Amino acid sequence: MSSGTPVTVACIQLAPVIGDATQSLAAIDAGIQDAVRSGAQIVVLPELANTGYLFADQEELRAAAQALDAPYVDHLIELASEFGIVIASGFAERGADDHVYNSAVIVDRSGVLTVYRKAHLWNAEKSCGFTPGDAPPPVVDTEYGRLGLMICYDLEFPEWVRKVALNGTELLCAPVNWPLYPRPNGERPGEIVRVQSNSAINRMYIAAADRTGRERGQDWLGGTVITDADGYPVTPIRLGVPHTAIATINLALARDKSISPRNDVHADRRPELYN
């Protein structure tokens, strides 16, 4: 649990290579090493960071998926142990039930702290073989703070984000893959705006680690951002290019939900009226 000591958080914006796990893992390793050199204690990687996203069919997805105790997650644990960090990463999980999930994991030097299966599937995820998760997003205590975990399209559902906020999340780790879509000239991408909104209405830090590059004809936004408890970005937004977004933040500020001497964004809720 955080004590008010600042913590350094890094989001690694990289370009996974679908069908080339070796190259994807090399990019992950290089990104984590770069983040650690910059002082990172918590590192967030994109959705499906080690596999790429646009699977052609169920066969290709199943070939790329790994169990929770398989090499990819084991490798993350080794890196967390070597560098003394906490890592959140997306990956394609082959469950013990033989279903494949769009999952994310948080690990530290002790091993797996939690795993989450994406509940809200986006577009072709529904047809290429992913099974939606059916459990709420987890919240775990780490040596650096209290972390929540969800994936990409989950952020579009305020009820889902509120769950982790009400459970005491100080930093929501969000591996994402945001496709590049048209937007009006001069406007910030809506995906980033919604992250800012989720931060502000819950007074909670969010670290959204996006991917970049072009995959099977799809360009990716590359909208990685870390937002503070007021909803403002604390990292530069560098759309569409590989980079590491890094910020030193005080997670204890996320415990203060007051926005005026008489207002508190959680205590002022009136859930008895909302149904």
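The values are calculated or read from the model by the stated rules, or taken from the named source; none is laboratory data. Being a predicted model, the structure only gives us computed values, none of them experimental. Here Cβ is always computed from backbone atoms with ideal geometry, including for glycine, and neighbour counts include all displayed protein chains.
The condition (being touching an Asp or Glu at 6+ places or on another chain (Cβ under 9 Å), surrounded by 15 or more Cβ atoms within 10 Å (Cβ to Cβ) and either under 21 Å from Ala10 (Cα atoms) or among the acidic types (Asp, Glu) (or both)) is satisfied by just one residue among Val195, Val234: Val234.
Could you check, for region 23-37, whether at least one of its residues is part of a loop (DSSP other than H, G, I, E, B), out of contact with any Phe, Trp or Tyr (no Cβ under 8 Å at 6 or more places or on another chain), at pLDDT 95 or above and surrounded by 22 or more Cβ atoms within 10 Å (Cβ to Cβ)? No: zero hits.
Considering the conditions (1) under 14 Å from the mean Cα position of the chain (by Cα); (2) buried (at least 20 other Cβ atoms within 10 Å of the Cβ), Thr114 is excluded by exactly one of them, (2).
Show me the strands (runs of 3 or more DSSP E) found entirely inside region 45-163 where at least 2 residues are touching a helix residue (DSSP H, G or I) at 6+ places or on another chain (Cβ under 9 Å). It would help to see each step written out before you state the result.
Working: elements: 86-94, 100-108, 111-117, 139-142, 145-149.
Answer list for region 45-163: 86-94, 100-108, 111-117, 145-149.
If only residues of region 8-50 that are out of contact with any Ser or Thr (no Cβ under 7 Å at 6 or more places or on another chain) and of a type in the set (Val, Ile, Thr) are counted, the one that is nearest to Ile85 (Cα to Cα) is Ile42.
Of all residues in region 77-100, those that are touching a Ser or Thr at 6+ places or on another chain (Cβ under 6 Å) and either surrounded by fewer than 23 Cβ atoms within 10 Å (Cβ to Cβ) or closer than 19 Å to Tyr144 by Cα (or both) total 2. Inside region 243-258, can you point out the residues that are more than 12 Å from Cys11 (Cβ to Cβ) and either over 26 Å from the mean Cα position of the chain (by Cα) or not hydrophobic (A, V, I, L, M, F, W, C) (or both)? Result: Thr248, Asn250, Arg255, Asp256, Lys257, Ser258. Annotation note: of Thr169, Thr212, the sole residue that is in a loop (DSSP other than H, G, I, E, B), touching a strand residue (DSSP E or B) at 6+ places or on another chain (Cβ under 7 Å) and closer than 24 Å to Thr5 by Cα is Thr169. Pairs meeting the criteria (first residue in region 170-191 and over 30 Å from Leu113 (Cα atoms), second residue of a type outside the set (Lys, Arg) and outside any loop (DSSP other than H, G, I, E, B), beta carbons under 8 Å, at least 6 apart or on different chains) are Leu180/Gln218; Leu180/Asp219; Leu180/Trp220; Arg183/Gly190.
Of the residues making up region 175-192, none is under 17 Å from Leu253 (Cβ atoms), crowded, with 23+ Cβ neighbours inside 10 Å and under 16 Å from the mean Cα position of the chain (by Cα).
Condition check for Phe157 on (1) crowded, with 17+ Cβ neighbours inside 10 Å; (2) of a type in the set (Phe, Trp, Tyr); (3) more than 20 Å from Phe55 (Cα to Cα): one failure, at (1). Of the residues examined, Val195 is one that is within 21 Å of Val139 (Cβ to Cβ), modelled with pLDDT of 95 or more and in contact with a Ser or Thr (Cβ under 9 Å, 6 or more places away or on another chain). Here Thr227 does not qualify as of a type in the set (S, T, N, Q) and out of contact with any helix residue (DSSP H, G or I) (no Cβ under 7 Å at 6 or more places or on another chain).
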